[in-house]
Amino acid sequence: MMIVMKAEASEAEIAAVVRRVESVGCSAHVSQGDVLTVIGAIGDRDKVGGLGLEGAAGVDHVVPIQKPYKLASSQFRKGERSILEIGGRKIGGENFALIAGPCTVESVEQTMEVARTVSEAGVTMFRGGAYKPRTSPYSFQGLGQEGLRILQQAKDETGLPIVTEVMDVRDIEDAAEVADVIQIGARNMQNYTLLTEVGRSGCAALLKRGLSATLEELLMASEYILKEGNENVMLCERGIRTFETGYRFTLDLMAVPALKALTHLPVIIDPSHAAGRRDWVEPLSLAAAAVGADGIIVEVHNDPENAICDGPQQLASESFASYADRLERVAEIAGKAVSRV
Ligand code: PEP
Ligand code: MN
């Protein structure tokens, strides 16, 4: 923590700040410049933070040096990145996770058909929602437990690990029996009870960035899962709200290199929910691979025209294999290989 004193701070005010830093067992190093004095507080960040020095006499501002997200931060990892292992597939590092499947589980036939298509194309994991976060309470809310049973069937047949969203802590236990990865959707990124309980479940988590969350808020949210001893967390950029109205969300591709500088956790991209339309999904996917994303989570449907939700953005099954092929080539240029068993 650096405490920057006001230009007019007196010797007594500087000495008072030093005493307060030392009173909590930390050491204070005073650097006197021509105009400003800066006090470096070394020791427990939380203890110095608890002193509330922002309001102390003679203090201009306080600059934290250590990141507040201790477990997610790359600061203590010496450049080492997390590599998650899920159902024998590696996520992170030089591995590219290709996660594909329908927006929502609609029926056995629809789910199995898409699962077979994406499995034949060699994806890493299968996605599908049994519990759906819908803007309107009158829209289809997902098949719930029946949807989980269908996902289990897809897993049994294809052997693919399952990614599925949970919105309510009461559904974690059931979902975790089927899911290899529990998705926490954008709208629940700051549902701290849900984050904590997913952390406790021990099931790997895919944490989506909130619609208007900063990267720091996303990392603080991941900290809730990590602090429960669950290290299997991947982050997902899925588009944020900006002033631009020309498209559904602004896919923040800069979040990939930025997050990689801040955290050791894998970072993946959801081009589907950002674009909201199928023809933009491939260019965004290729860009995501090129910018160094650790993977993609993309929506695919066997009959997108008649999909119950998100039809316009879901890739059609018949176009998936060639899409996956082009994506894999860009991932290779970025130094990654699609993770499969
Ligand atoms: C989804 O992946 O099905 C979904 C609803 O995504 P998001 O939370 O990013 O809107
Ligand atoms: Mn969707």
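In table form, for the structure just shown:
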{"quantity": "Only listed residue being open to solvent by less than 70 Å² (accessible area, probe 1.4 Å) and more than 30 Å from residue 335 (Cβ to Cβ), chosen from 33, 55", "calculated": "33"}
{"quantity": "Yes/no for residue 312 being free of Cβ contacts under 8 Å to residues at least 40 places away in the same chain and either farther than 22 Å from residue 142 by Cβ or open to solvent by 10 Å² or more (accessible area, probe 1.4 Å) (or both)", "calculated": "yes"}
{"quantity": "Options 253, 284, 259: the member that is at pLDDT 95 or above, over 16 Å from the mean Cα position of the chain (by Cα) and over 21 Å from residue 305 (Cβ atoms)", "calculated": "284"}
{"quantity": "So residue 330, is it away from ligand 1 (no atom under 15 Å from the Cβ), open to solvent by 10 Å² or more (accessible area, probe 1.4 Å) and either modelled with pLDDT under 95 or part of a helix (DSSP H, G or I) (or both)", "calculated": "yes"}
{"quantity": "Whichever residue in the range 119-144 is within 15 Å of residue 317 (Cβ to Cβ) and within 15 Å of ligand 1 (Cβ to nearest atom) and, among such residues, is surrounded by the fewest Cβ atoms within 10 Å (Cβ to Cβ)", "calculated": "126"}
{"quantity": "Residue in the range 16-30 that is farthest from residue 57 (Cα to Cα), counting only those that are in a helix (DSSP H, G or I) and either open to solvent by less than 40 Å² (accessible area, probe 1.4 Å) or modelled with pLDDT under 95 (or both)", "calculated": "21"}
{"quantity": "The range 145-173: number of residues that are open to solvent by 40 Å² or more (accessible area, probe 1.4 Å) and part of a helix (DSSP H, G or I)", "calculated": "11"}
{"quantity": "Selection count where residues are within 16 Å of ligand 1 (Cβ to nearest atom) and over 19 Å from residue 320 (Cβ atoms), scope the range 260-282", "calculated": "1"}
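The rows are residues; the columns are (1) within 13 Å of ligand 2 (Cβ to nearest atom); (2) touching a residue at least 24 places away in the same chain (Cβ under 8 Å).
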| position | (1), (2) |
| --- | --- |
| 110 | no, yes |
| 115 | no, yes |
| 127 | yes, yes |
| 135 | yes, no |
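The values are calculated or read from the model by the stated rules, or taken from the named source; none is laboratory data. Here the structure is a predicted model, which means the values were calculated and not measured. For neighbour counting, all protein chains shown are included, and Cβ atoms are generated from backbone atoms with ideal geometry for every residue, glycine included. The protein model used for the area step is the full one, side chains on, heavy atoms only, and it has no ligands, DNA or RNA in it. Shrake-Rupley method; radii C 1.70, N 1.55, O 1.52, S 1.80 Å.
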